[in-house]
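Take a look at the structure below.
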Amino acid sequence: MTEFNKDDFMENAQGMLVPKSQIKPIDLLRNDVVNNLIAKAKVQSEQIKSFKEFAFDEIAQFISISAEQYNLKTKGKKGNVTLISFDGRYKIERAYADKIAFDEQLQIAKEKIYECIQSWSAGANSKLISMVNFAFQTDKKGQVSADRILGLRRLKIQDEKWLEAMMALSESINVVSSKGYVRFYERIGDSDSWKPIPLNIAAD
């Protein structure tokens, strides 16, 4: 009776064990390349994650030390900040971006906006109507674009119903999470321009 040796088999995408002797050499080589690169990518990913945490802690500690000069107590965990080296060659930016969601009051705002458009009748600018329709357009997941919705608040329209709609829109906003970013830059020669120091494998 032949003894089963699992090292002589490889599991395929369907979960079946296939004898290595029946697998083409190029398929074995492809598998090795993919697995080797993925293993190294996971290590790099963990290193970048660790560095990001380290960078945030270093910036927060510096802000705390700087605040102590003015007898302020702050942990420096939030807020956007830019740090530039003494020679002006390097720049670090820490920024936070809030992820927002809209509650049921967004629908109220939408209805009030369309009430405005109807009351304006022929006086309503066609470009404004298109802008409103575009703002409330949903994606494949049924989600609206926060940027487009919030863009409506920048329109300077002095109309009671419009202002009520903008109030409902503002009250519909909920911050559900906040994500921090840290970016590193190097000055390009003696110019006022900066080039990023990429930590993203997709960046050049």
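The values are calculated or read from the model by the stated rules, or taken from the named source; none is laboratory data. For clarity, every value in this text was computed on a predicted model and none was experimentally measured. A quick note on method: Cβ atoms are made from the backbone with ideal geometry, for glycine too, and the neighbour counts reach across all protein chains shown. Remember, those area values only see protein heavy atoms, side chains included, never the ligands or the DNA or RNA. Shrake-Rupley method; radii C 1.70, N 1.55, O 1.52, S 1.80 Å.
Structure values in brief
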quantity: The range 140-178: trypsin sites (Lys or Arg not before Pro) in DSSP loop, at most 16 other beta carbons within 10 Å; calculated: LYS140, LYS141, LYS156
quantity: Overall dimensions of the range 117-171 as given by Cα atoms, namely Rg and Dmax in Å; calculated: 11.9, 34
quantity: Computed [θ] at 222 nm, deg cm²/dmol, the chain (DSSP H ≥ 4; -39,500 (n - 2.57); rounded to nearest 500); calculated: -14500 deg cm²/dmol
quantity: Portion, in percent, of the accessible area of the chain that falls on carbon or sulfur, probe 1.4 Å; calculated: 54 percent
quantity: Relative contact order [Cα under 8 Å, 6+ residues apart], the chain, whole percent; calculated: 22 percent
quantity: Potential lengthening between LEU150 and TYR96 on full extension [0.36 nm per residue; Cα-Cα distance subtracted]; calculated: 17.6 nm
quantity: For the chain, the spread of Cα positions along each principal axis, largest first, Å; calculated: 88, 53, 37
quantity: Cα long-axis angle, helix 105-120 against the chain (0 to 90 degrees, to the nearest 10); calculated: 50 degrees
quantity: VAL18 long-range amide H proximity, modeled H, under 5 Å; calculated: MET10, GLU11, ASN12
quantity: Proportion of all alpha-carbon pairs of the range 85-204 beyond 17 Å (%); calculated: 67 percent
quantity: Probe 1.4 Å, protein heavy atoms only - accessible area per residue of the chain in square angstrom; calculated: 78 Å²
quantity: Neighbour cut-off at most 15 other Cβ (10 Å), DSSP loop, chymotrypsin sites (Phe, Trp or Tyr not before Pro), the range 1-99; calculated: PHE4, TYR70, PHE86
quantity: Length-normalised contact order of the range 49-142 in % [C-alpha pairs under 8 Å, at least 6 apart]; calculated: 14 percent
quantity: Percent of Cα pairs exceeding the 18 Å cut-off, where the set is the range 1-53; calculated: 52 percent
quantity: Note, ³J(HN,Hα) from phi for the range 22-33, Karplus 6.51, -1.76, 1.60, rounded to Hz, x at Gly and Pro; calculated: 9, 9, 5, x, 5, 6, 5, 5, 4, 4, 5, 4
quantity: Sites matching GluC sites (Glu not before Pro) across the range 1-82 that sit in DSSP coil, with at most 11 neighbouring C-beta atoms within 10 Å; calculated: GLU3
quantity: Placed amide H near LEU199: partners under 5 Å, 5+ positions off or other chain; calculated: none
quantity: Inter-label distance, nm, simple model (7 Å from Cα along the C-beta direction), ASN31/PHE51; calculated: 3.3 nm
quantity: Radius 14 Å from Cβ of MET166, net charge of other residues (Lys, Arg +1; Asp, Glu -1); calculated: 0
quantity: The range 122-204: relative contact order as a whole-number percent, Cα under 8 Å and 6+ apart; calculated: 13 percent
quantity: The chain: most fluctuating residue of GLN143, GLN61, GLN47 per GNM, C-alpha cutoff 10 Å; calculated: GLN143
quantity: Kirkwood estimate for the range 36-103, i.e. one over the average of 1/r between Cα atoms, Å; calculated: 14.7 Å
quantity: ³J(HN,Hα), Karplus 6.51/-1.76/1.60, whole Hz, each residue of the range 38-45, x for Gly, Pro; calculated: 5, 4, 5, 5, 5, 5, 4, 4
